[in-house]
Amino acid sequence: MHSVLVRGNAILAYTLSVLAALTFCCFLSTVFMDYRTKATMNTVTVMVKKHPSDSARRELNDLGVLTFNLQTDLTDLFNWNVKQLFLYLTAEYTTPNNQLNQVVLWDKIILRGENANLDFKNMNLKYYFSDDGNGLRGNKNVTLTLSWNIIPNAGLLPSVSAIGNHTFSFPSEYTSSHVYGKETQHAGI
């Protein structure tokens, strides 16, 4: 006869094996789904300003200031294996110093059950759009892309880009309203 501990261990091992198999089936049921959808975005205002760098030399770098519109419906991305979406808007551009620059400008978390039909107008950036040098002024090829990470109950954590992006250019002259630094004593946008 087996003891109570041996029987309890067998029941626990069997239960964990069944739960692991069910979790794997949960993962398999949604792994091949296409999580891309269309997103429409455009820039409303685009400016470039000077701001001091964080280095000891106190050089002036470019600071991009823009507002944007964003429309997309992410409702179809939610299924029983998706807990939340982590959305982020990135800007990608090239400069003489760097072949590829990518900057996250805005992000948002959408939980299951929240409104996933987004229609934002005149949104400000959440994070600074700062270049390490003077690569924004006069840059004619800056591309905005909306992407998201899907946070599942079980399985992979895919990173997906939206269908559609927006390309814009910065003006060739600095906006003269403010030069951030010692004169104004703050570095806000």
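A few comments on the model shown:
- Selected residue (criterion: surrounded by the most Cβ atoms within 10 Å (Cβ to Cβ)) from residues of the range 131-175 that are part of a loop (DSSP other than H, G, I, E, B) and among the polar types (S, T, N, Q): Asn139
- Within the range 58-79, the residues that satisfy the criterion of being touching a residue at least 60 places away in the same chain (Cβ under 8 Å) and under 30 Å from Gly155 (Cα atoms) are Leu70, Thr72, Leu74, Leu77.
- Every residue from the range 25-51 that is charged (D, E, K, R) and more than 16 Å from the chain's Cα centre (by Cα): Asp34, Lys49, Lys50
- Some residue of the range 143-153 being in contact with a strand residue (DSSP E or B) (Cβ under 9 Å, 6 or more places away or on another chain) and at pLDDT below 90: yes
- Of the residues making up the range 90-136, those that are in contact (Cβ under 8 Å) with a residue 12 or more places away in the chain, over 18 Å from Thr43 (Cβ atoms) and small (Gly, Ala, Ser) number 2.
- The set of residues from the range 119-130 being among the charged types (D, E, K, R) and not in a loop (DSSP other than H, G, I, E, B) comprises Asp119, Lys121.
- Only strands (runs of 3 or more DSSP E) whose full extent lies in the range 1-112 are considered here, and the ones with at least 2 residues that are over 30 Å from Arg137 (Cα atoms) and in the same structural domain as Trp148 (by TED's automatic domain parsing) are 82-93, 101-111.
- Qualifying position, being aromatic (Phe, Trp, Tyr), under 28 Å from Ser176 (Cα atoms) and modelled with pLDDT of 90 or more, among Tyr127, Tyr88: Tyr127
- Annotation: His51 fulfils all but one of (1) closer than 23 Å to Ile163 by Cα; (2) surrounded by 13 or more Cβ atoms within 10 Å (Cβ to Cβ); the unmet one is (1).
- Residue count for the range 1-57 under the criterion of being among the basic types (Lys, Arg) and without any contact (Cβ under 8 Å) to a residue 40 or more places away in the chain: the result is 2.
- Meets criteria (among the aliphatic types (A, V, I, L, M), surrounded by 13 or more Cβ atoms within 10 Å (Cβ to Cβ) and within 30 Å of Ser147 (Cα to Cα)) for Leu60: no
- The single condition among (1) free of Cβ contacts under 8 Å to residues at least 40 places away in the same chain; (2) touching a His at 6+ places or on another chain (Cβ under 6 Å) that Leu144 does not satisfy is (1).
The values are calculated or read from the model by the stated rules, or taken from the named source; none is laboratory data. The model shown is predicted, which means the values in this text are computed figures rather than measured ones. A quick note on method: Cβ atoms are made from the backbone with ideal geometry, for glycine too, and the neighbour counts reach across all protein chains shown.
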